[in-house]
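The values are calculated or read from the model by the stated rules, or taken from the named source; none is laboratory data. Because the structure is predicted, anything quoted here is derived from the model rather than measured. Using ideal geometry, Cβ is built from the backbone for each residue, glycine included, and neighbour counts are taken over all protein chains shown.
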Amino acid sequence: MRTETFLFHHEPERLDKFLVTCLPEFSRMRIQSFIAGGCVLVDGAPVSKPALILEHPCTLTVHIPAPQPTDLQPEAIALDIVFETDDLIVINKPAGMVVHPSPGHDTGTLVHAALSHAPELDGVGGELRPGVVHRLDKETSGLILMAKNDTAHLWLQEQFRSRSTHKIYLALVDGRPPTPTGRIEAPIGRNATHRKLMAIVEAAKGREAATEYRTLESFPKHTLVEAHPITGRTHQIRLHFAFIGCPIVGDTMYGQKRPSLPIQRHFLHAARLSITLPGESQPRTFEAALPPELEAILQSLRA
């Protein structure tokens, strides 16, 4: 545990908002957890309300708890590491691997594998998803970031939150989009019938979502596209292409129940990611080639 002390002598301001400016390495949500946990004192007296308004000059003491290790057990699962520093790991995730533990997926996740490779991930982020910055669906392969410390975790998450990252996915879809390039805008919300699924919904019932795309290669019954999600909603690319009548090949959840090609997963791959790394001023771009099973599908179509 480390302790920090700050003097407040400004215009009236919320406690949590002020502390975010004092401790920029932590998110506002994390700061609120410190306050709720009794780790913040105002003039020596503990407070528990993040919304407390500071109105008079005072001394703030913050006891910052050390990252709490989880009870997750590292698993020696091989990882395809694209890039690594003391702050983060860029991993090329295979299809079939779940990113973090969830009901029905207690072992064999990317988090379990990453903890074996980099034990310092344990506790990063203050939640049961140590190091996780963003997610990919189980059957989506490609680039994913994991943070090794809280400062990097906040730095990277803020870029996803502010939409300053640039992500490119490769997708093979059934049919042909209405135009060679385009932008799909359709709000996404929880499926009213199947709560584990998402759906295109009315604006008032969902969150705005936008995906840009570009045709790379056309086949008689399929199209290879490059998809650039502007927003980051759950299952966004899969839903948006199904919405325009071109579901992703192999997506039995939102597309054809019987895949139009012999494939054991959906044809969606996170191929390129541009993001600014901690301490740097210009973004870096990372790439991951199509996995062999997807490349084989394309070769069969070209033949």
- Item | Test set (1) in contact with a Leu (Cβ under 9 Å, 6 or more places away or on another chain); (2) within 21 Å of ARG2 (Cα to Cα); (3) of a type in the set (S, T, N, Q) - SER48 fails condition number | (1)
- Item | Where a residue in segment 118-132 is on the phi > 0 side of the Ramachandran plot and modelled with pLDDT under 85 and its partner, wherever it lies, is of a type outside the set (Asp, Glu) and in a strand (DSSP E or B), with Cβ under 9 Å and at least six apart | GLY125/VAL132; GLY125/ALA147
- Count, please, the residues in segment 50-62 that happen to be surrounded by fewer than 16 Cβ atoms within 10 Å (Cβ to Cβ) and under 29 Å from the mean Cα position of the chain (by Cα). 1
- Across segment 2-55, the tally of residues that are in contact with a Phe, Trp or Tyr (Cβ under 8 Å, 6 or more places away or on another chain) and over 24 Å from THR151 (Cα atoms) stands at 2
- Query: Quick one: in segment 251-295, which of the residues that are touching a helix residue (DSSP H, G or I) at 6+ places or on another chain (Cβ under 7 Å) and within 16 Å of LEU88 (Cβ to Cβ) is modelled with the lowest pLDDT?
  - Reply: PRO278
- Task: Take LEU172 and decide whether it is under 27 Å from ILE297 (Cβ atoms), in contact (Cβ under 8 Å) with a residue 60 or more places away in the chain and either touching a Pro at 6+ places or on another chain (Cβ under 7 Å) or of a type outside the set (D, E, K, R) (or both).
- Result: yes
- Do we find that THR3 is modelled with pLDDT of 85 or more and of a type in the set (Ser, Thr, Tyr) in this structure? yes
- Looking at GLY250, GLY245, which one is on the phi > 0 side of the Ramachandran plot and either touching an Asp or Glu at 6+ places or on another chain (Cβ under 6 Å) or surrounded by fewer than 16 Cβ atoms within 10 Å (Cβ to Cβ) (or both)? GLY245
- Query: What strands (runs of 3 or more DSSP E), lying completely within segment 67-155, carry at least 3 residues that are exposed (fewer than 15 other Cβ atoms within 10 Å of the Cβ) and β-branched (Val, Ile, Thr)?
  - Reply: none
- Note on the structure: The condition of being within 13 Å of the chain's Cα centre (by Cα) and at pLDDT 95 or above holds, among LEU79, LEU143, only for LEU143
- What tally of residues in segment 156-179 results from selecting those that are part of a loop (DSSP other than H, G, I, E, B) and either of a type in the set (Gly, Ala, Ser) or closer than 25 Å to HIS105 by Cα (or both)? 3
- Message: Checking the condition β-branched (Val, Ile, Thr) and within 21 Å of LEU143 (Cβ to Cβ), which residue from ILE64, ILE81 passes?
- Response: ILE81
- Task: Report yes if GLY182 is closer than 22 Å to ARG272 by Cβ and in a loop (DSSP other than H, G, I, E, B), otherwise no.
- Result: no
- Residues satisfying the stated conditions in segment 187-218, i.e. of a type in the set (Gly, Ala, Ser) and buried (at least 18 other Cβ atoms within 10 Å of the Cβ): GLY189, ALA199, ALA209
- Starting from residues that are assigned to a loop (DSSP other than H, G, I, E, B) and modelled with pLDDT of 85 or more, keep the ones in segment 48-66 and report whichever is nearest to PRO94 (Cα to Cα). PRO50
